[in-house]
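All remarks here apply to the structure that follows.
Read-outs: derived from the displayed coordinates by stated rules, not from any lab. Note that this is a predicted model, so its numbers are computed, not measured. So basically every Cβ, Gly included, is an ideal-geometry build from the backbone, and we count neighbours across all protein chains shown.
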Amino acid sequence: MKPAPFEYVAPMEIAEALDVLARHGDAAKILAGGQSLMPLMNMRLARPRVLVDINRLAELAYISLGTDGALAVGALTRQRAVERASLVRTHNPLLASVMPYLGHVQIRNRGTIGGSVVHADPAAELPALCVALEAAFVLRSAARQRTVKAADFFLTYLTTAIEPDEMLVGIRFPAWNPQWRWGFQEVCRRQGDFALVGAVALLQMDEDAICQAARLAMFGVGGAPVRPQRAEELLSGQRLDGRVLDQVANAVAAELEPDADMHASAEYRQEVGGVVARRALEAALGQARGRGDR
Amino acid sequence: MTPQRSIQLRVNGRTYERTVEVRLTLADFVREELHLTGTHVGCEHGICGACTILFNGEAVRSCLLLAVQADGADLMTVEGLAQGEALHPLQQAFHEHHALQCGFCTPGFLMTACAFLQETSNPTEAQVREAISGNICRCTGYAPIVQAILLASRGG
Amino acid sequence: MDQTYIGAPIRRREDLRLLTGRATFTDDIKLPQMLHAAILRSPHAHARITAIDAAQAQAIPGVVAVFTFRDIAALAKPIPVRLYPLPGLEHFLQYPLAQDRVRYVGEAVAVIVAESRYVAEDAMDAMDVTYEPLPAITDVGEALHNQIVIHDEPGTNLAARYTLALGDSEGVFRTAPYTRKATFKVHRHTGNPLETRGLVASYDAGRGEYTVWGPTKVPHFNRAILASFLDISESKIHFIDTDVGGGFGIRGEFYPEDFLIPFAAMTLGRPVKWIEDRLEHLKSANHSRDVLCEVEIAAQRDGTLLGMRAQVYGDMGAYIRTHGGLVPSSTAALLTGPYRIPAYQCTVSCVMTNKMGLGTFRAPGRYESCFIRERLLDMVAADLQIDPVELRFKNFIQPSEMPYTVGQTRPNTPPTVFDSGNYPSALQHALDQIDYASLKPWQGRYQDGKYHGIGLGCFVKNTGQGPFEAARVVVSGVEKIAVYLGITSLGQGHETTMAQICADSLEVPLESFTIFHGSTDLMPFGVGTFGSRGTVMAGNAVHLACQKVRDKALAIAGRYLECDATQLVFRRGQIYRQGAEEQALLGLDDLVRLAGPASPYHLEEPGLEATAYFNSNQLTYSYGAHVAHVAVDPETGQLEVLRYVVVEDIGRCINPLLVHGQAIGAAVQGIGATILEELVYDDHGQLLSGTLLDYALPTSMDVPAIDSIILEEAPSPLNPLGVKGAGEGGIAATGAALANAVSHALAPLGIQVTELPLSPDRIRRWIRERARQSQ
């Protein structure tokens, strides 16, 4: 399993990289961590004519906190760096807590946060996380820079709103709401695998244990992460007892239209989608009771 | 002839300068160009971990890197663990605990464990199990590998 | 004889080179001028080949040759069956390259040879093969209708069928007070050694001789096949053993590449290397285990088993591999297991489909039959309201009945006779180890969102298959003893165990020995390393060879000292006079000198060396029990194995470190296979589980610590060492124990497991379907 021939470019400047993309469009592919792209190239399922190795673009690897409390993470930041950054632990504890679920340490040493996002495997954790956190993606081409919201970014399997001449340069996570409690649940064949189905939940509860705001993002349930609207509506303004959570779980299941593959039927993903949604919500509620202990 | 590039890198403390095809994987480079055949290839799609080496001190899958990406890098392979005839404590511990049978996965586990112990000095058994979960072994059932790494972590 | 090495947990001498990156696996072999091969494989499960155009491929710089069937036609023969050649199978054999039809995804269509593997793969992209797809058969039931026939000449997909009959099952089933029927399906999966297959072949045109690195497991047999293909004498072929990255039954059987690569080397006059990649391995290295069994059991109301009758169907794939009908045949042969079941009838069918061929994977047919039988016994226990453990104890063959003749369980083989065993004791050890008494209340208990279950499986395992193995021991001096084996090593540690046996036999330090194995030049005859036979057959051969060396030493010493050899003793590598053991008279250096061809004292054959063959036409039978404690999440179908106990009695344990290693490794393979792994084909015969992303091998996080107990309660009377084989017992009952555990766990939901694997999707489907049924 050896890659097909390609031209190799290792730009030292972002502008250089964007120029290559402008010239070659679809025939060029960006090499960041390589953890998703190299297997495809080794299997000759991906055959870019030009491989743009952006690993020298050090300015794309950063984690910084804006004055508004938003966390800005460069696209080339290694997943392991995100996992270990105290800035992330403090200013986006949900992101910090989900990172260890991504693959294995050897993958996270090279894999980048941007790479996982652009690869857009719907069974991956990061895209769903970005959707739940309402992150924004900064895309740059030779001609312009634009920001696309996570909700508009993931189109279908391995397909995003990114244009052939564009590169993801950064991810912006809105300021963390200190009142958020979160839960994360996934069903995988093995730890570190892509999920059969998974859920991310964010809850804001008031002192009377009424839900002020809720977000649910499901993954492994189709071509892209899903935020089940009806389920979120059912949570809002409610005291989240067992009956309500059951209703929400059923609403999630009803809203999902997953595909079947050799690992799980569509029915499995639907049913268990409801289950993991409920468990993620229960985990979030558990945090609320524990006053935010992780 | 497909495109080539010159690279310079350090491997096990030695500097090498080579001209390579840009599509040559790092695993193949180490094995074929440098004749360091201790690093093994098991899947070429980043699952089995047999090809694990240290890249600037971090455990990586060398089948998912191109040799040209190692320009300027500092690598360590299994051949760099022992000091002459003196085995690295991990190698000694693997031997003690029968943590290898066919030995094909062993270099990958050793390098993963080496990086892990550099980072985590007093691991629990659960931490060790997780640290090696990206390496596949078909022979030993993992338990003796976990015991060996724990033994080595205690300086034994 | 002082025993110092046998039974000791000696660390392995093989380890040093494996730990330091200095081992030599096949891909580590580099020869000057070496070329690299890649195999072009069919993307269709069933198709006619109407044209192959290699012009563009051959035009790529660095491509040296492209071979298709036309190029090998003069030499090509079908790959023969090595084991279990049931009548009829000979019509379903595979040629090394497809001629005008492909019959499974992955079938070899052409060999491309180039300066590098990279270029060879570029050439594969440029190959233009025109296929006319044909409908594919992927289901055994459908295949039996013969509407689509895979091999025209025999005109049927039923490649072979036979019935074995012991006792009077017709009478038993007519009169039995209780009977129970069930159908069981064991899933297709395989061993996946971490090293894929590979070969390096070199042809010396001057001498007309081939040297090949990479063949293992059954090198002498494979050499004979290759010699017959090439139409040359076997002595012109040299197979050199390398370090091997595991086999588990998959590696080493004669595959198409075992002919194609030496052929390429000979034709091109340059060495050729072929290293299989993982994707190729998953589709074109032997698959295993794929059987369906319709079975019925008869018993008394008190649980005494009376009879069993069954139909076993093996999904053999598109071609019969070298194992012939082994997988379904072995499933049938030991279906009754360690129990007294006086009447047993089974019809075995080998059915062809458009899939990769079936071969052996660790404990072939035994993993399958244990699952079938042990599940059935738990069903019987539930029906008759007898404790499943009591049901086993009630029906075990007892030690007092040994040796126990089961009867002829396969055509053209001697009857199955269990040589020795204490089956109740093994089960008791397992129950004690897991503390079954205190775990029993957990059966079907729902706690913290999970259902708990404890399941067991008992097994017997044929080991030590004959007919022979050979060993040669050559003493060159003190600490200079070479031992040559006819078997190979695939990671088991033979270099250490054989040295242990020799060291005890000759009473010299372990370090005196160097063990050479596997190369066909070392020993003229050999059978191979499979079916847990290495220690039994080669171990006894080295023991006998050492005994012969001892006898020679005494005879030579007698000549030199001018006394009768019976007045001397050979102890600790030295010669003493009987009763005067403070004074050594001769050491090994002296004896070697005296044995030399120029010495007046040498025997008829000079040299202090001996070759011995250990012959056996009877199998030894290891046995044991597995017990598993699992917790099942009914909402997600996920399964957690909380505890797993393996007990195996191997008669006599040469090296407990290695035997435990085998048991634990095998158990983890079996647990992984039972929960995670499946080779899945779609209706068009496309292999969906084509990468290790989809074919999920167990990692360190997926399995618990395994409790392994080795017993030596029933040595084998069939060989001087008393050993039975080890290596497969750890996997044999994994499907059974886990499936029984899950069945107990989900009994409150009415689930009875009859198929594998125990994946979350399956478990949820069973729960969902059962819930719908009860509505």
(message) Please identify the DSSP H helices in chain C that span no less than 30 Å along the helix axis (Cα) and have a mean Kyte-Doolittle hydropathy of 1.6 or more.
(response) none
(request) Evaluate peptide C:601-608: per residue, the Cβ atoms of other protein chains within 10 Å of its Cβ; return the mean as an integer. (result) 0
(request) Using a 10 Å cut-off on Cβ to Cβ distances, tally the other chain neighbours for every residue of C:192-198 and report the average as a whole number. (result) 6
(request) List the relative contact order of segment C:349-507 as a percent without decimals, with contacts defined as Cα pairs under 8 Å and 6+ residues apart. (result) 13 percent
(request) Over 19 Å between C-alpha atoms is what I'm after, so list which of A:K29/A:K149; A:K2/A:K29; C:K283/C:K461; C:K480/C:K552; C:K461/C:K724; C:K236/C:K548 land there. (result) A:K29/A:K149; C:K283/C:K461; C:K236/C:K548
(request) Would you mind classifying the protein assembly as shown by shape? Square roots of the alpha carbon gyration tensor eigenvalues, ordered a ≥ b ≥ c; an a/c under 1.5 is rounded, otherwise it is prolate if a/b is larger than b/c and oblate if not. (result) prolate
(request) Choose one of C:Q345, C:G729, C:I240: the residue whose Cα lies farthest towards the positive end of the charge dipole of chain C (beta-carbon charges +1 Lys, Arg; -1 Asp, Glu; about the Cα centre). (result) C:Q345
(message) Among C:L657, C:G587, C:P606, whose Cα projects farthest towards the positive end of the dipole of segment C:563-709, with charges put on the beta-carbon of Lys, Arg (+1) and Asp, Glu (-1)?
(response) C:G587
(message) Only four residue types carry charge here, +1 at the Cβ of Lys and Arg and -1 at the Cβ of Asp and Glu. Report the dipole size of segment C:311-466 about the Cα centre in Debye, rounded to the nearest 20.
(response) 400 debye
(request) Determine the relative contact order of chain C: mean sequence separation of Cα pairs under 8 Å and six or more apart, normalised by residue count, in whole percent. (result) 16 percent
(request) Arrange C:E14, A:E207, C:E170 by Cβ neighbour counts within 10 Å, fewest through most, would you? (result) A:E207, C:E170, C:E14
(request) Working from Cα positions, state the angle (0 to 90°, nearest 10) between the long axis of helix B:106-119 and the longest principal axis of chain B. (result) 80 degrees
(request) Relative to the longest principal axis of the C-alpha atoms of chain A, give the angle of the C-alpha long axis of helix A:14-24, reported between 0 and 90° and rounded to the nearest 10°. (result) 80 degrees
(message) Within 10 Å of each candidate Cβ there may be at most 14 other Cβ atoms; applying that plus a DSSP loop requirement, which trypsin sites (Lys or Arg not before Pro) in segment C:205-309 survive?
(response) C:R207, C:R301
(message) Nearest 500 deg cm²/dmol is fine: what mean residue ellipticity at 222 nm does the protein assembly as shown get from its DSSP H runs of n ≥ 4 alone, each adding -39,500 (n - 2.57), divided by its residue count?
(response) -8500 deg cm²/dmol
(message) Quick check: the distance between the Cα centres of segment C:298-357 and segment C:230-279, to the nearest angstrom?
(response) 33 Å
(request) May I ask what percent, to the nearest 5, of DSSP beta bridges between residues of chain C are antiparallel? (result) 75 percent
(request) Please report the relative contact order for chain A, taking Cα pairs under 8 Å with a sequence separation of at least 6, and give it as a percent rounded to a whole number. (result) 15 percent
(message) When a/c reaches 1.5 or more, the comparison of a/b and b/c decides; with that in mind, is chain C rounded, prolate or oblate per its Cα gyration tensor?
(response) oblate
(request) Would you please name the chymotrypsin sites (Phe, Trp or Tyr not before Pro) within segment C:303-345 that are DSSP coil residues with at most 15 other C-beta atoms within 10 Å of their C-beta? (result) none
(message) What is the distance in Å between the Cα centroid of segment C:541-555 and that of segment B:1-22?
(response) 56 Å
(request) Determine the dipole magnitude for segment B:4-80: charges of +1 sit on the beta-carbon of Lys and Arg, -1 on that of Asp and Glu, nothing else is charged, the reference point is the Cα centre, and the result goes in debye to the nearest 20. (result) 40 debye
(request) Would you mind working out the magnitude of the charge dipole of segment A:85-177 relative to its Cα centre, with +1 at each Lys and Arg C-beta and -1 at each Asp and Glu C-beta, to the nearest 20 Debye? (result) 300 debye
(message) Placing +1 on the Cβ of each Lys and Arg and -1 on the Cβ of each Asp and Glu in segment A:60-173, which of A:Q106, A:A128, A:A161 has its Cα farthest towards the positive end of the resulting dipole?
(response) A:Q106
